[in-house]
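What follows is a set of notes on a single structure, which appears directly below.
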Amino acid sequence: MPKRLSKRSQPSDINQAAFQMVRRSTGTEDRETPRERRSKKRFSDVERIVAKVTPSDISRVMSAMGRKGGKLGGKRRMVTMTAEQRREAARNAAKTRWAKRGKHSQE
């Protein structure tokens, strides 16, 4: 059966182990280290940036991503289609465009 680890994780680096031992012996274990303070500051910066993001920003980014994928997908699709399939796709696109024009002109 494997040994249970103590609740305090033991670092694999000897320098970190020595640092923790000194902190425990001097009673400064509960204080934050400069690295911990920096990481908290970075996290608060991220929170501040995330708070400024609006749904319209997200929508704008997603729209740009979709547009980029659509441009690539259309070119790749045309390469794999036969001449007959391209003609059929063009015919359907033209019908759809003319149907939309007819709808607007009747209003």
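Convert each backbone phi in region 79-92 into a coupling constant with the Karplus relation 6.51 cos²θ - 1.76 cosθ + 1.60 (shift: θ = phi - 60°), then list the ³J(HN,Hα) values in order as whole Hz, x for Gly and Pro.
5, 8, 7, 7, 4, 5, 5, 5, 4, 5, 5, 5, 4, 5
Take residue 89 and residue 58, extend 7 Å from each Cα along the Cα→Cβ direction, and tell me the distance between the two endpoints in nm.
3.2
Between residue 78 and residue 12, how many nm apart are label points set 7 Å from Cα along the C-beta direction?
With each label point 7 Å from Cα toward Cβ, the separation is 5.3 nm.
FYI, it's all coordinate maths here, none of it is from the lab. In this text, all values refer to a predicted model and were calculated from it rather than measured experimentally. Counting neighbours? That spans all protein chains shown, and the Cβs are built from the backbone with ideal geometry, glycine included.
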